[in-house]
1. Among the numbered criteria (1) under 21 Å from the mean Cα position of the chain (by Cα); (2) surrounded by 21 or more Cβ atoms within 10 Å (Cβ to Cβ), which single criterion is violated by VAL230?
2. Going through VAL254, VAL238 one at a time, which residue ends up being of a type in the set (Val, Ile, Thr), open to solvent by 30 Å² or more (accessible area, probe 1.4 Å) and in contact (Cβ under 8 Å) with a residue 40 or more places away in the chain?
3. When you scan the range 172-206, how many residues do you find that are over 24 Å from SER154 (Cβ atoms), open to solvent by less than 60 Å² (accessible area, probe 1.4 Å) and more than 19 Å from the chain's Cα centre (by Cα)?
4. What residue, among those in the range 109-164 that are among the hydroxyl-bearing types (Ser, Thr, Tyr) and more than 25 Å from VAL40 (Cα to Cα), is surrounded by the fewest Cβ atoms within 10 Å (Cβ to Cβ)?
5. Does ARG99 fit the bill of being basic (Lys, Arg), open to solvent by 70 Å² or more (accessible area, probe 1.4 Å) and either part of a loop (DSSP other than H, G, I, E, B) or within 30 Å of PHE15 (Cβ to Cβ) (or both)?
6. Determine whether the range 159-171 contains at least one residue that is part of a helix (DSSP H, G or I), farther than 23 Å from PRO126 by Cα, modelled with pLDDT under 90 and over 17 Å from the mean Cα position of the chain (by Cα).
7. Kindly indicate which of VAL71, VAL48, VAL40, VAL11 is part of a loop (DSSP other than H, G, I, E, B) and surrounded by 15 or more Cβ atoms within 10 Å (Cβ to Cβ).
8. Of all residues in the range 125-152, which are touching a strand residue (DSSP E or B) at 6+ places or on another chain (Cβ under 6 Å) and not in a helix (DSSP H, G or I)?
Amino acid sequence: DIALVTNVRPVHLEFFESVDGIAAAKGELFAVLRENATAVVNLDDARVRVQAARHAGPRVTFGQTAGADVVLLSVSDRFLPGAALTLRIGGRTRTLSLRVGGAHAALDALTFMEPAPGRGRISELPGPMTLVDDTYNSNPEALASVLRTLGASSPAGRRVLVMGDMLELGANAAAFHREAGEQIAASGIGLLVTVGPLSRQAAEVARRAGIEVAAFDDASGAAGTIASLVRPGDLVVVKGSRGIRLEQVVDALVTRRGEAA
């Protein structure tokens, strides 16, 4: 009945020759729609626009592009107390508060959406401490977006990032992680905790820039130490590829501190 491709990003590059190959694979969804089904199209993503042409039937468009059916006018990019966005539908303008943090969530968010575990769920733990569970997956652009939101947030304590390896990036994986280290160094983070061999590339760059760093080989090692590294008032964001199992770190923080909300 309805098909939506939110965006195309450089993920799973180990299995594709280019980002255009990823776009073509996602575009298969549009190609198999029946004629009277509706395609929902992100006009801000050039690759999505190209792939949406594979469906000749009805469409609803969204994005910051002025000609979209649903136009995103502005975003409050933050984890605390959650993102807010202003949008225009037809001649009406509405401002919505979200239960998920970050501009990266604003384009495809609903006000009543409660993020699933690993998908940006925000929990308030005793201490107090704010925990953002974004452990389901990671890629360079998603991590960069999280860093922008983390930098725009104003916790009582430090901004803390637990970063797991970004997997399936192919031959440029090490370079992607070094670039992430440069972004981390510029983001105002007070503590970086890395998990996995690739993330050590980011740790080295961030450490040279003066960021406090703790590096671990695997998630179990990080989970055993993380509660002693964080402080009251910290905002802790946990993000990594699924194969790194960073939910162990989330579970350790919740178990040691007890989830309040």
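The values are calculated or read from the model by the stated rules, or taken from the named source; none is laboratory data. What you see is a predicted model, and the numbers here were worked out from it, not measured in a lab. For neighbour counting, all protein chains shown are included, and Cβ atoms are generated from backbone atoms with ideal geometry for every residue, glycine included. Only protein heavy atoms, including side chains, enter the accessible area calculation; ligands, DNA and RNA are left aside. Shrake-Rupley method; radii C 1.70, N 1.55, O 1.52, S 1.80 Å.
1. The number of the failed condition is (1).
2. Exactly one residue qualifies, and that residue is VAL254.
3. 5
4. Looking at residues that are among the hydroxyl-bearing types (Ser, Thr, Tyr) and more than 25 Å from VAL40 (Cα to Cα), I get SER154.
5. yes
6. Yes, some residue in the range 159-171 is part of a helix (DSSP H, G or I), farther than 23 Å from PRO126 by Cα, modelled with pLDDT under 90 and over 17 Å from the mean Cα position of the chain (by Cα).
7. So the residue among VAL71, VAL48, VAL40, VAL11 that is part of a loop (DSSP other than H, G, I, E, B) and surrounded by 15 or more Cβ atoms within 10 Å (Cβ to Cβ) is VAL11.
8. Within the range 125-152, LEU125, THR130, LEU131, VAL132, ASP133, ASP134, THR135, SER138 meet the criteria.
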